[in-house]
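Working notes for the structure below.
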Protein chains: 2
Amino acid sequence: MRILLVEDNPTLGEAVRDQLVDDGHAIDWVQTVREASAGAHTTGYNLVLLDLMLPDGHGLDFLCERRRAGDVTPVIILTARDQVTDRIEGLNAGADDYMVKPFDLDELSARVAAVARRYNGNPNPIMEVGALVVDLSARRICRDGQVVALTAREWALFEGLLYRPGMLLTKGQLEERLYAFGTEIESNTIEVYISRIRKKLGRETIETVRGMGYRLGCS
Amino acid sequence: MRILLVEDNPTLGEAVRDQLVDDGHAIDWVQTVREASAGAHTTGYNLVLLDLMLPDGHGLDFLCERRRAGDVTPVIILTARDQVTDRIEGLNAGADDYMVKPFDLDELSARVAAVARRYNGNPNPIMEVGALVVDLSARRICRDGQVVALTAREWALFEGLLYRPGMLLTKGQLEERLYAFGTEIESNTIEVYISRIRKKLGRETIETVRGMGYRLGCS
DNA sequence: GGCAACCTGACAGTGACCTGAACGGCTCCA
DNA sequence: TGGAGCCGTTCAGGTCACTGTCAGGTTGCC
């Protein structure tokens with residue numbers, strides 16, 4: 001998933017970024033309201049993590065601006081313990097969730113995953129796909145009763161296909177899930193991951209549509 | 001997603017088309033206001049990318065015309081850096097967004113994706129044509145309950161006919177869908193593909209209008 | 001009948017895709 | 001501190017499905 005992180009605290013920002021990268025997400029990290037707005041790429045994100053107290057303004061201004069522009073990207077607010085009114089205003093302004101600093105990084109992972117699921121219209125965390133049982137919230141896959149472990153990247157890619165069962169995704173769309181803006185991919189990374197996932201989950205799990213893309217194998 | 005691209009610059013047009021095709025969209029590319037008007041009301045586009053300075057008129061005329069006709073299809077304006085007033089007028093005229101040339105193709109992808117997201121609420125676009133059931137997002141076709149696989153080229157051609165049920169398309173128009181500008185086709189490629197599609201989907205699927213072109217067999 | 005348009009089976013070249021292997025960066029642990 | 005192991009990425013070689021072309025056959029129109 002592609003995430004915009006707006007956070008001016010370097011330590012926290014770095015920690016959050018590392019955590020979410022570990023989860024297989026693509027993170028763009030900016031530190032000011034101006035950068036966030038001027039990123040102009042804003043609409044290309046699946047999720048925004050928004051600190052409120054920023055050096056050049058208030059995060060809520062940014063949120064309101066985006067909502068007025070018709071942007072419905074989910075937003076999770078990161079707020080200090082004592083900014084209760086901010087939190088309420090944030091939710092009123094169209095934020096989807098908030099987290100109180102200091103927060104547990106694993107909890108952040110969980111909330112991000114929850115927002116992603118809700119956003120993808122698939123709140124049910126357990127899915128069955130062919131011979132696989134997939135627990136989205138636990139990120140666990142069982143095949144013939146055996147737990148199969150996917151790495152972060154493998155999971156990120158597989159998840160993309162999983163959210164839209166049967167829908168065809170081009171390599172470009174899959175790359176978008178894995179990499180932040182501006183990342184140039186000049187090799188066959190996607191192919192390699194597809195190959196590795198197939199090796200773990202079974203060849204039939206992912207279907208190749210030559211010249212078009214990939215999709216989850218039906219049934 | 002179905003996108004109408006109105007852009008008279010061949011280089012830019014081709015780049016934009018390739019990028020969006022990579023993202024899995026279906027692009028119809030025209031270069032004049034006249035062609036845009038002719039195409040816009042015949043089919044349901046989900047998005048229009050509109051250049052303003054066109055050889056036979058101004059893009060805003062087209063936009064105003066569509067809005068007067070009650071067409072609410074989202075429009076993103078493509079404009080040169082110095083045409084500030086155009087941009088403002090564009091937004092006033094009912095455009096949803098604009099991009100300043102030269103723009104980053106990834107940014108375009110992102111904005112288009114944002115528009116696409118608004119359509120995600122809709123159920124999967126499924127079309128029925130005669131005995132065929134066509135799942136547009138999966139790019140999958142069922143015939144008598146059997147899944148039929150089309151190759152990339154076959155799909156591109158079939159899609160062109162599909163979006164204009166009953167409407168006649170010339171070989172030239174079909175070639176335009178399949179090949180970049182300047183590509184010279186000196187053989188009967190289109191005929192061959194028509195033949196291949198018929199073999200897969202049934203002879204009656206595509207109707208020949210001798211001396212004119214082809215159209216989807218209406219049942 | 002003669003011509004043009006169209007259909008379709010066959011075929012060779014190509015490039016999209018697959019996958020084993022290697023490499024560098026990173027973390028963990030002794 | 002250094003070694004082991006994992007992960008992400010790149011590379012290279014091989015395979016094969018798709019593509020474009022052609023040739024010969026069929027159909028429809030004048």
### Message
With unit charges on the beta carbons (Lys and Arg positive, Asp and Glu negative) and the dipole taken about the Cα centre of the protein assembly as shown, which residue among B:PRO74, A:VAL133, A:THR11 sits farthest to the positive side?
### Response
A:VAL133
### Summary
Label points for A:ALA138 built 7 Å along Cα→Cβ; distances to same position in the other copies, nm, shortest first, come to 2.8
### Query
Amide H neighbours of B:GLY202 under 5 Å, counting only residues 5+ apart in sequence or on other chains, H built in-plane at 1.01 Å?
none
### Query
If contacts are Cα pairs under 8 angstrom and at least 6 residues apart, what is the relative contact order of chain A in percent?
18
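With +1 on each Lys and Arg Cβ and -1 on each Asp and Glu Cβ, and nothing else charged, work out how big the dipole of the protein assembly as shown is about its Cα centre, in Debye to the nearest 20.
Details: 52 positive and 66 negative charges, 393 e Å.
It comes to approximately 1880 debye.
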### Message
Can you tally the net charge around A:GLY166? Count Lys and Arg as +1, Asp and Glu as -1, for every other residue whose Cβ sits under 11 Å from the Cβ of A:GLY166.
### Response
+2
### Message
Just to be sure I understand the model, the point goes 7 Å from the Cα along the line to the Cβ. What's the resulting B:THR11 to B:ARG68 distance in nm?
### Response
3.6
### Summary
Taking the convex hull of the alpha-carbon atoms of segment A:52-173 and averaging its shadow over every direction gives an area in square nanometres of 9.8
### Query
When the helices in the protein assembly as shown are scored as -39500 (n - 2.57) per DSSP H run of 4 or longer and the sum is shared across all residues, what 222 nm value do you end up with, to the nearest 500 deg cm²/dmol?
-12000 deg cm²/dmol
### Task
Using only Cα atoms, tell me the angle between helix A:152-163 and the longest principal axis of chain A; keep it within 0 to 90° and round to the nearest 10.
80
#### Entry: Computed FRET value (nearest 0.05) for A:ARG198 with B:THR183, which takes r as the C-beta separation and R₀ as 45 Å
0.85
### Summary
Counting only residues 5 or more apart in sequence or on a different chain, those whose built amide H sits under 5 Å from that of B:LYS101 are B:THR79, B:ALA80, B:ARG81
### Task
Work through the residues other than A:GLU184 whose Cβ is under 11 Å from its Cβ and net out their charges, Lys, Arg +1 and Asp, Glu -1.
-3
### Task
Note down the magnitude of the dipole of segment A:69-219 about its Cα centre, charges +1 on Lys and Arg C-beta and -1 on Asp and Glu C-beta and zero elsewhere, to the nearest 20 debye.
600
#### Entry: Farthest toward positive dipole pole in chain A [+1 Lys/Arg, -1 Asp/Glu at C-beta], among A:GLY182, A:ALA152, A:MET212
A:MET212
### Query
Relative to the first principal axis of the alpha-carbon coordinates of chain A, what is the inclination of helix A:189-201, with its axis defined by its Cα atoms, in degrees from 0 to 90 and to the nearest 10?
60
### Message
With just the Cα atoms defining each centre, how far is segment A:1-74 from segment B:182-214? Give it in Å.
### Response
50
#### Entry: Relative contact order (%) - segment B:2-119, alpha-carbon pairs under 8 angstrom, separation at least six
24
### Query
Using Cα atoms only, what is the angle between the long axis of helix A:105-119 and the major principal axis of chain A, expressed in degrees (0 to 90) to the nearest 10?
70
### Task
Would you kindly work out the equivalent ellipsoid of the protein assembly as shown from its C-alpha gyration tensor and give its semi-axes, the square roots of five times the eigenvalues, largest first in whole Å?
39, 30, 17
### Query
Too long at a 32 Å Cα-Cα cut-off: which of B:LYS101/B:LYS200; A:LYS199/B:LYS199; A:LYS171/B:LYS200; A:LYS101/A:LYS171; A:LYS101/B:LYS101; A:LYS199/B:LYS171?
B:LYS101/B:LYS200; A:LYS199/B:LYS199; A:LYS101/A:LYS171; A:LYS101/B:LYS101; A:LYS199/B:LYS171
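Quick note: the coordinates plus some simple rules give every number you see, no bench work behind them. The structure displayed is predicted, hence computed values, not measured ones. Positions of Cβ are backbone-derived with ideal geometry, glycine not excepted, and every protein chain shown enters the neighbour counts.
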